[in-house]
Each structure stands twice: as C-alpha cells, then as structure tokens.
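Participant: The structure's right below; bear with me while I get my questions together.
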Amino acid sequence: MLRVNFVPVEGALLFVLLLLIAFSITPGCSKEALPPEVITLDPRDVGSTSAWTGGIVVEDHGVKVEARGVCWSVEGIPVIGDFHMMAGAGTGEFELVLDQLMPDNRYFLRAWALSDAGIGYGNTMVIYTTKLYDVNGNAYQTMKIGKQLWMSENLIASHLNDGTPLRHGTALQPAGMNAGYYYYNDDSASHHTLYGKLYNWYAVETGKLCPEGWQVPSNDDWYELNSWLGGAAYSGGELKEQDTLTWAPPNTTATNSTGFNARPGGIFVAEQTTYSEIRQHAYYWAKDGYVSNNAWCQHMAYNAASNLRHFHPRQRGLSVRCLKTK
C-alpha cells in the first residue's frame, strides 16, 4: 500500500497536491503499468503471396491501446521494426491479410499491441507460402523491387487464368483479328524454355493472362519500377540478366542487382510472320493501349543501359512479365 505523509497546507495548494497524488497512483499513469497482453490467431488461407492472420488484445492493464497489428520476418522472432501492418486500436479481436509475401517462403509472424506502457507481443507462428503457379502448372520465382512484387521469369502460360486456351500463332493473322495469340518460333528448346512465350496485346487485353492475383503491369507500374532504380535511362542494367549467353554481347551495364532476370525474347512481327531480335532485345507489354492499332511496351537492349517506353502494333508478339496486384 502506498503511504503518504501530508504536510499541513491551506486551500487551493492542498487541492492541487491531492490531485497530483491521485494521478500518480492512477493505474494508467503508473510507472509499473504493464504492456498489453496479446494472443496471435492461427493463420489461415495461406497462399503464394498472402495469408489471413490477426490477434486478440486480451488485456490493456488500464492503459489505452493506441495501435495493434501483426509483424513478420523471414528470420527469427519478428518485432514491430520488421515488416508490420496495423489493424486499428483498443482491445478485442482483429484480423488482417498479409499480402506482398514471397511465394515458396517461410515466415515468422506474431500479433502486437502498443500503449504508453510499452509493446506487447503474442505468440510466434510459422507459415509456409506456396509456390506461384500459372493455370498450366508452370512455377515461377519472384522478387521484390521497392514496394512491388514481380515475377522474375517471363510468362510461359498457354491458357488464360480461367482455363481458356490461347491460339498458337504461327502465321500472319487476318486483318482485324483480335483474338489472343502466343508465339515461340516453334522451337521450345531455344525459345520457349529460355525466354518464355511471346503474346499479342489482345491476349493482354483480356486481363486474364497472368495468374489470379497478378496482372500485366501498366505504364504507371513500369514508371514506378524505373523511378525506384534511378530512372529509365539507367534501370535496364539493374534488370537485365548478367551474362552473354541469353544476351548478346556486350550486354551493356547488366548487373541484375534486382534479381529481375530480364531476358531478350525478341519479337514476332505478325504482319511479316517473322521472328527477330532474340538475344538482343527484350520487349515487355504494358496493359495500356495506345492510339490506333498500337499499345505500350518497355524495351531493353543488349547495347544500352536503359528501360524505355515504346509502342508496337497490337498483333505483334512480345514478352510478358507479371506484377502482383496491389
């Protein structure tokens, strides 16, 4: 019990002193107040890049909980300084979805709650994200660049993500044809396996070319990527695979520091029924159309450091790299 020795004082001064003492023993302001007590909920619906999780703030010890959420890491017990998400304030149960996780990875996670008395953590859970597959069962590696999660391989799916087959184009498309096609020069070993398929923009336009939860990037997405890497004039070097086997020499400034592994699948010129520029140029569609029969794309070259915006006729075959939907 707290013992207080009063000194005789008069009037208002005594009232103020009593208030100060009262506040000093209020649980919410005591130096001995404890951080919140938290329980981590069992994770569920763990996929390739996301998982449902949450927690319960079971006790605030008389100190208001200002924030709560979940933190996670790939190594050891996570703390709020690692990756974290917030889910309101106060006591009780909360849930949230962790997204932008990496496929085929192990993660440690736990709930947390913050008050003036400190941070309370729940029990640590471990989850394993699944691999990223397209509808045909092809597995893909991924990597994070800034706040974006990208595939680190060119797309090779032959069907849309709803199971609809794409046409395998090998000849000139009739004028006005707007169906989705893919191409790979009828040489799976030297083109499809190394460089992925080439797709016309009509396949992109369906919005179903990438696995569910992923998309063909927009011009704004490509701009964000280039900006994170210092600008389009230099970002190509950090995106291109660093060798002269898949790329023709000199593969200017290629470091692949991002792990993007850009490979030059070249282009299928539908109006001439010709394949060209394999090992020299990587063209990646954006999902944005352009004037007339054209659409936007990004271009990296064997003899340049850049990743610049270009456009091509929509019936041509270009590579596709998928981005996790935000």
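Participant: Label the chain by shape, choosing from rounded, prolate and oblate, from the square roots a ≥ b ≥ c of the eigenvalues of the Cα gyration tensor; if a/c is under 1.5 it is rounded, and otherwise prolate applies when a/b is larger than b/c, oblate when it is not.
Facilitator: prolate
Participant: When you count, for each residue, the other Cβ atoms within 10 Å and take the mean per peptide, how do 305-313, 42-50 rank with the highest first?
Facilitator: 305-313, 42-50
Participant: So which lysines can residue 131 reach, going by Cα to Cα under 22 Å and dropping same-chain residues fewer than 8 places off?
Facilitator: Straight-line reach from residue 131, under 22 Å: 144, 147, 197, 208, 324, 326.
Participant: Counting only helical runs of four or more DSSP H residues, what would the 222 nm mean residue ellipticity of the chain come to if each run contributes -39,500 (n - 2.57) and the total is spread over all its residues?
Facilitator: Calculated from helices alone, the mean residue ellipticity at 222 nm is -3000 deg cm²/dmol.
Participant: In whole Hz, with x marking every Gly and Pro, tabulate ³J(HN,Hα) for region 297-303 from phi via Karplus 6.51 cos²θ - 1.76 cosθ + 1.60, θ = phi - 60°.
Facilitator: Per residue, the Karplus-derived 3J(HN,Hα) values read 8, 10, 9, 10, 10, 5, 10 Hz.
Participant: Mind listing the long-range amide H neighbours of residue 248? Cut-off is under 5 Å, sequence gap 5 or more, other chains count too, H placed in the peptide plane at 1.01 Å from N.
Facilitator: The answer is 280.
Participant: Something else: Could you put 34, 209 in order, starting from the residue whose Cβ has the fewest other Cβ atoms within 10 Å?
Facilitator: 34, 209
Participant: Once you list every other residue whose beta carbon is under 14 Å from the beta carbon of residue 231, what net charge do they have if Lys and Arg are +1 and Asp and Glu are -1?
Facilitator: Summing Lys and Arg as +1 and Asp and Glu as -1 gives -1.
Participant: Another question about this same structure. Based on the mean of other Cβ atoms within 10 Å per residue, sort peptides 315-321, 248-254, 236-242, 160-166 so the most packed one is first.
Facilitator: 315-321, 236-242, 248-254, 160-166
Participant: Order the peptides 192-203, 59-70 from the highest to the lowest mean number of other Cβ atoms within 10 Å of their residues.
Facilitator: Final packing ranking: 192-203, 59-70.
Participant: Continuing with the same structure: Can you tally the net charge around residue 115? Count Lys and Arg as +1, Asp and Glu as -1, for every other residue whose Cβ sits under 9 Å from the Cβ of residue 115.
Facilitator: -2
Participant: Give the long-range amide H neighbours of residue 48: residues separated by 5 or more places, or on another chain, with amide H under 5 Å away, using H modelled in the peptide plane at 1.01 Å from N.
Facilitator: Amide H to amide H, under 5 Å and 5 or more residues apart or across chains, residue 48 pairs with 130.
Participant: Separate question: Residues with amide H under 5 Å of residue 262's amide H, sequence separation 5 or more or different chain, H placed in the peptide plane at 1.01 Å from N; which?
Facilitator: For residue 262, whose amide H was placed from the backbone, the distant partners under 5 Å are 240, 241.
Participant: Within the set of other residues whose C-beta is less than 15 Å from the C-beta of residue 104, count the net charge using Lys and Arg as +1 and Asp and Glu as -1.
Facilitator: Result for the local shell: +2.
Participant: Can I ask one more? Rounded to the nearest Å, what's the spacing between the alpha carbon centres of region 202-229 and region 255-312? Just the number, please.
Facilitator: A separation of 14 Å, based on Cα centres.
The numbers here are math on the coordinates, done by the rules we state, and not lab data. These numbers come from a predicted model, not from an experiment. Please note: Cβ atoms are built from the backbone with ideal geometry, for glycine as well, and neighbour counts cover all protein chains shown.
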